[in-house]
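K.L.:
Okay, handing you the structure first.
The values are calculated or read from the model by the stated rules, or taken from the named source; none is laboratory data. All figures in this text were calculated on a predicted structure; none of them were measured in a lab. Quick reminder, even Gly has a Cβ in these numbers, built from the backbone with ideal geometry, and neighbours come from all protein chains shown. We work out accessible area using only protein heavy atoms, side chains counted, and drop any ligands, DNA or RNA first. Shrake-Rupley method; radii C 1.70, N 1.55, O 1.52, S 1.80 Å.
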Amino acid sequence: MRYGFLLSVVSILLGISCSEEGAEVSRLPSSPNVVFIITDDQGYADLGSHGHPLLKTPELDKLHAESVRLTDFHVSPTCTPTRGALMSGQWTNRAGSWHTIMGRSMMFQDKTTLAQVFADNGYATGMFGKWHLGDNYPYRPEDRGFQEVVRHAGGGIGQTPDFWDNNYFDDTYFHNGEPRPFSGYCTDVFFSEAKRFIQLQASEGKPFFAYISTNAPHGPFLCPEKYWQPYLEHEGVDERLAIFFGMIANIDENVGALRSWLAEEGLAENTIFIFMTDNGTASGAQYYNAGMRAGKGSAYDGGHRVPFFLHWPADGFNKPIDVDRITAHVDILPTLMELCELTPLEGYLLDGKSLVPLLRDPAANWPERVIITDSQRVRDPIKWKDSSTMTDRWRLINGKQLYDIQTDPGQKSDIAADHPEVVQRLTAAYDTWWQDVSQAFDQDTRLHVGNDAENPAVLTCHDWLTDGSSPPWHQGMVRRGQRGTGEWSLTFEQAGTYRISLRRWPRESGLALRISVAAPAPVPGLKAYGEEEGMALDIISASIRITGLEVSEKILSDAQ
């Protein structure tokens, strides 16, 4: 059988062979440090302190009891959009990262990031874990203000851009752009590397911004058995849910250990310690959802209302205080800028607003605001798609259903017909917002080649631009030879001779083009993304099409 490149080749190596640093701003030793933890697919209800009847999170509960809590805090219903808004301080539709794959998981190049703001103010910046805002120059975290990076690629360990055969245990992660093997369970590694970074900065007397972004408890569901086996003893808990709980229990343990260590090192007092999650629960709603409707991906509150705890003893944020006004991910950048007294951004639009007045006094005079979140997950955004237009009291879903969240937190009774004036007001607010953010939709996130920062550049079908079905976005799809079609949007930075290598299997695998591959050894938990046999494909030719040029086709020998 004849396989065309776009139908069967699921990984590409693009080898490139084409023939002032800013002044550092010194910071006073009294500048607060920041430890920012965000977990993946853990919802508002997936915490003991939020009433969960089974899940044990003693360390996060302790943090909850010693923090200012945003109780009506909203993000995007899926992971990349939340990260884009959090990092840029802009609505994710404006920032460009409104999908998790298909070339739409990269934040537009002209966006400033949290990391860049801290770096420009003399902070050491480090990120550990999940980025999911681009795996190629100029979208990688090391291109966006982070000076120390230990991360997996793609949206999860074992996805297509990730290092081949990663499975949560003893993986190879990218350390400042270079693959490096690590020992241990993924979450433990990311916390350990963050601790190493913090220790170095503290020894040099430099303030730090440490961003710890776990891929857990996102699937696949893999975890050391000691964390999840106890949950199997309970009625209504299957193995998948038990491992989900176990992954959270492991995170909880790491949070507690890091906080204890910061205290021992004398760093806790002047460290802003933040915990939040990236969207509603992906797995826990079936067991407990704190009275909310739906979970990850939904326009209902269960899809995007998440926990947010802020602890900073030096400024008095070490007591349990609830802020009940509606807030969002776009507010965090301006809030941290004010708390840390960072230089204001000039000529850069921030869609969020500083929450410092509310943090200091939850009863402060605070005008009503409209916050909009949506889940696009398409190549080009669609108006009203999976959207929630929100105020402190109201939720307008998809422009049609209306709920009074104060009397109906479970969003069970649509009362749009009873309050046409509210529907009209929120519709007008959404229309204004859409007209504003949609001006960004004509931009493109082009991958850059021919730059020394990434040479060779490795492009995968994860980032294909496609209007059809989803591309093969994880290594299980690669192994089973799933087909798809798509294209990359590229910028060639300089003229020269470019060597392009097309691959069935990634270079680090060492696998020949047409061979099959045995399934790797299983790890604790359910099936990993790549835990299956890799099928052989009878590939006999490869072709490349560049816009404006003729198709180039090559017949492949057995050795290629």
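K.L.:
Please state the relative contact order of the range 31-79 as a whole percent: Cα pairs under 8 Å, 6+ residues apart?
P.N.:
Values: 22 pairs, mean separation 12.0, N = 49.
Relative CO of the range 31-79 lands at 24 percent.
K.L.:
Here's something else I'd like to know. What distance in nm separates the simple spin-label points at Ser516 and His419, each placed 7 Å from Cα in the Cβ direction?
P.N.:
With each label point 7 Å from Cα toward Cβ, the separation is 6.0 nm.
K.L.:
Then there is this: Can you give the FRET efficiency to the nearest 0.05 for Asp431 and Gln199, using r as the Cβ-Cβ distance and R₀ = 41 Å?
P.N.:
0.20
K.L.:
Mean separation of Cα pairs under 8 Å and 6+ residues apart, divided by the residue count of the range 175-242: what relative contact order is that in percent?
P.N.:
Once divided by the residue count of the range 175-242, the mean separation gives 24 percent.
K.L.:
I need the phi-derived Karplus couplings for the range 500-509: 6.51 cos²θ - 1.76 cosθ + 1.60, θ = phi - 60°, integer Hz, Gly and Pro marked x.
P.N.:
Values, residue by residue: 10, 10, 9, 10, 6, 10, x, 4, 5, 6 Hz.
K.L.:
Considering amide H positions built from the backbone, and no H for Pro or chain starts, which residues 5 or more places from Ala457, or on another chain, come under 5 Å of its amide H?
P.N.:
Placed amide hydrogens put Leu14, Ile16 under 5 Å from Ala457.
K.L.:
Right, something else. Pop a pseudo-label 7 angstrom from the Cα along the beta-carbon direction at both Ile540 and Asp408 and give the gap in nm to one decimal.
P.N.:
Those two pseudo-labels are separated by 6.3 nm.
K.L.:
Now a separate question. So for the range 407-486, taking the charge dipole from beta-carbon charges (+1 Lys/Arg, -1 Asp/Glu), which of Gly484, Ala440, Gly450 sits furthest toward the positive end?
P.N.:
Gly484
K.L.:
How many nm is it between the label spots at Lys56 and Gln229, if each spot is 7 Å from the Cα in line with the beta carbon?
P.N.:
Result for the modelled spin labels: 1.4 nm.
K.L.:
What are the ³J(HN,Hα) couplings of the range 49-57, residue after residue, when phi is run through the Karplus curve with 6.51, -1.76, 1.60 and θ = phi - 60°? Round to Hz, x for glycine and proline.
P.N.:
5, 9, x, 4, x, 10, 5, 9, 9
K.L.:
Next up: If I take every Cα pair under 8 Å that is 6 or more residues apart in the range 387-512, average their sequence separation and divide by the length, what percent do I get for the relative contact order?
P.N.:
This gives 16 percent for the range 387-512.
K.L.:
Follow-up. Report the calculated FRET efficiency for Glu341 and Ile555 (r = Cβ-Cβ distance, R0 = 51 Å), to the nearest 0.05. All intermediate terms of the calculation are to be shown ahead of the outcome.
P.N.:
On the way: r = 64 Å, r/R0 = 1.25.
With a Förster radius of 51 Å, E is 0.20.
K.L.:
Another question about this same structure. Considering only protein heavy atoms and a 1.4 Å probe, what is the carbon-and-sulfur percentage of the accessible area of the chain?
P.N.:
Working: 10400 of 21570 Å².
Heavy-atom surface of the chain belonging to carbon and sulfur, 1.4 Å probe: 48 percent.
K.L.:
Taking only protein heavy atoms and a 1.4 Å probe, what accessible area per residue, in Å², does the chain have with all protein chains in place?
P.N.:
Value returned for the chain: 39 Å² of accessible area per residue.
K.L.:
While we're on this one: Would you mind listing how long the chain runs along its three principal axes, going by Cα atoms, in whole Å with the largest first?
P.N.:
Taking max minus min along each principal axis of the Cα atoms, the chain gives 72, 60, 57 Å.
K.L.:
Follow-up question, since we're still on this one. Mind giving me the FRET efficiency for Gln443 and Leu526? R0 is 41 Å, r the Cβ-Cβ distance, nearest 0.05 is fine. Write out the running numbers ahead of the final one.
P.N.:
Details: r = 39 Å, r/R0 = 0.95.
Here the calculated transfer efficiency is 0.60.
K.L.:
Assuming 0.36 nm per residue, please report the length gained on full extension of the stretch Glu264 to Arg480 beyond their Cα-Cα distance.
P.N.:
72.8 nm
K.L.:
Sequence-distant or interchain residues sharing an amide H contact under 5 Å with Trp464, placed H: which?
P.N.:
Under 5 Å from the amide H of Trp464 lie the amide H atoms of Met102, Gly103, each far enough along the sequence or on another chain.
K.L.:
Could I ask something else about it? Which three extents, in whole angstrom, do the alpha-carbon atoms of the range 488-560 cover along their principal axes, largest first?
P.N.:
Largest to smallest, the principal-axis extents are 49, 29, 18 Å.
K.L.:
Show the residues, 5+ positions off or on another chain, whose built amide H is closer than 5 Å to the amide H of Arg325.
P.N.:
The list, which skips near neighbours in sequence, is empty: none.
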